[in-house]
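Written out below as structure tokens is the structure these notes cover.
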Amino acid sequence: IINKGDLLTTSSTPGHAMKFTLLDPRNANTLQEQGEILWENEQRRNSILGKSLEPCKENVCKITALVTLQ
């Protein structure tokens, strides 16, 4: 489910985007695991495509999005 204003990121499906989410480092069991989660979150931040301008309540749908160039 994508809400209006959600950030969008790359998807493994060509031509599609998905909702951007971060992993919670508080779920790590070790300091090394926490470091890996923080590294993964940084990689995810570098793949933001833009922002949703309308919601999507289905698994796949077309929405209008504001795309950002980096």
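The values are calculated or read from the model by the stated rules, or taken from the named source; none is laboratory data. Nothing here was measured: the structure is a model prediction, and the numbers come from that model. Backbone-built Cβ (ideal geometry, glycine too); neighbour counts: all protein chains shown. Quick note on the areas: whole protein, heavy atoms, side chains included, nothing else; ligands and nucleic acids left out. Shrake-Rupley method; radii C 1.70, N 1.55, O 1.52, S 1.80 Å.
Here are the numbers for the structure shown:
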quantity: Filtered residues of the range 40-70 (kept if in contact (Cβ under 8 Å) with a residue 40 or more places away in the chain and in a strand (DSSP E or B)); calculated: ILE48, LEU49, GLY50, LYS51, SER52, CYS56, ALA65
quantity: GLY5 vs. criteria in a strand (DSSP E or B) and open to solvent by less than 70 Å² (accessible area, probe 1.4 Å); calculated: no
quantity: Near pairs, Cβ below 6 angstrom, 6+ apart or cross-chain, from the range 26-39 (without any contact (Cβ under 8 Å) to a residue 60 or more places away in the chain) to any residue that is open to solvent by less than 90 Å² (accessible area, probe 1.4 Å) and β-branched (Val, Ile, Thr); calculated: ALA28/ILE37
quantity: Filter result (over 15 Å from the mean Cα position of the chain (by Cα) and loosely packed, with under 14 Cβ neighbours inside 10 Å) within the range 16-35; calculated: ARG26, ASN27, ASN29, THR30, LEU31, GLN32, GLU33, GLY35
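Residue-by-condition table, conditions (1) of a type outside the set (Asp, Glu); (2) in contact with an Asp or Glu (Cβ under 6 Å, 6 or more places away or on another chain); (3) more than 16 Å from THR10 (Cβ to Cβ):
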site: LEU22; (1), (2), (3): yes, no, no
site: THR30; (1), (2), (3): yes, no, yes
site: GLY35; (1), (2), (3): yes, no, yes
site: LEU38; (1), (2), (3): yes, no, yes
site: SER52; (1), (2), (3): yes, yes, no
site: PRO55; (1), (2), (3): yes, no, yes
site: VAL60; (1), (2), (3): yes, no, no
